[in-house]
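Take a look at the structure set out below.
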Amino acid sequence: MNRFLAALVLSLGLAFGAAPANGQQGSLSDTYSSDEILSAGHQFFGSVAQGLASVIEQAFEQYGQPNAYILGQEGGGALFIGAKYGDGTMYTRNAGTHQVFWQGPSLGLNIGADGSRVMMLVYNLPSVESIYDRYPGVEGSIFAVGGIGMTALKLNDVYVVPISSGVGLRAGVAVGYLNFTREPTWNPF
């Protein structure tokens with residue numbers, strides 16, 4: 001009888017596509033509070049996080065609570081035409097953590113090189129797979145406090161808001177996109 005019940009439960013689970021036990025799939029509706037994001041940001045950015053609270057507060061005012069965030073690093077350069085490369089880990093409440101890579105071209109009045117630590121707040125992400133796409137945006141700080149800057153990228157209803165602090169000299173404004181991938185690549189397109 002116990003074998004029959006176990007087989008029945010297993011059959012029903014397979015028939016209705018039960019989620020794997022490792023929690024890698026599922027709803028991404030659970031969000032993070034500003035205190036949780038601020039705590040993760042302070043641990044990640046360390047002593048350079050003087051303006052972090054103001055920037056995170058601005059992001060929460062504009063976009064609400066994120067349902068995922070990415071911690072990583074990126075570097076890039078430009079002489080009117082530029083490229084950016086980065087990698088990090090995406091954290092979700094109930095779909096686990098996922099390694100992500102990003103790269104993207106830019107075109108505009110943008111000159112210099114930089115390297116930075118980046119926290120990306122991700123809003124309205126319906127599934128983990130949705131992050132792996134091209135997110136267009138305008139590069140250049142739209143909000144900056146204490147050496148920490150924030151920009152915004154949007155694809156459909158998903159917003160990716162990179163908050164970065166780094167070293168280097170890069171100035172200007174450019175249009176471009178970030179292409180999020182599962183594997184690293186040197187091709188910025």
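Here are some notes:
- Conditions (1) buried (at least 17 other Cβ atoms within 10 Å of the Cβ); (2) out of contact with any Gly (no Cβ under 6 Å at 6 or more places or on another chain); (3) at pLDDT below 85; (4) closer than 20 Å to Asn179 by Cα; number of the one not met by Val138: (1)
- Residues in segment 88-108 that are open to solvent by 30 Å² or more (accessible area, probe 1.4 Å) and not in a strand (DSSP E or B): Arg93, Asn94.
- Answer residue from segment 36-87, given it is of a type in the set (Phe, Trp, Tyr) and open to solvent by less than 70 Å² (accessible area, probe 1.4 Å) and is nearest to the chain's Cα centre (by Cα) among those: Tyr69
The values are calculated or read from the model by the stated rules, or taken from the named source; none is laboratory data. Fair warning: this is a prediction, and the values are worked out from it, not measured in the lab. Here Cβ is always computed from backbone atoms with ideal geometry, including for glycine, and neighbour counts include all displayed protein chains. SASA here: full protein model, heavy atoms, side chains in, ligands and nucleic acids out. Shrake-Rupley method; radii C 1.70, N 1.55, O 1.52, S 1.80 Å.
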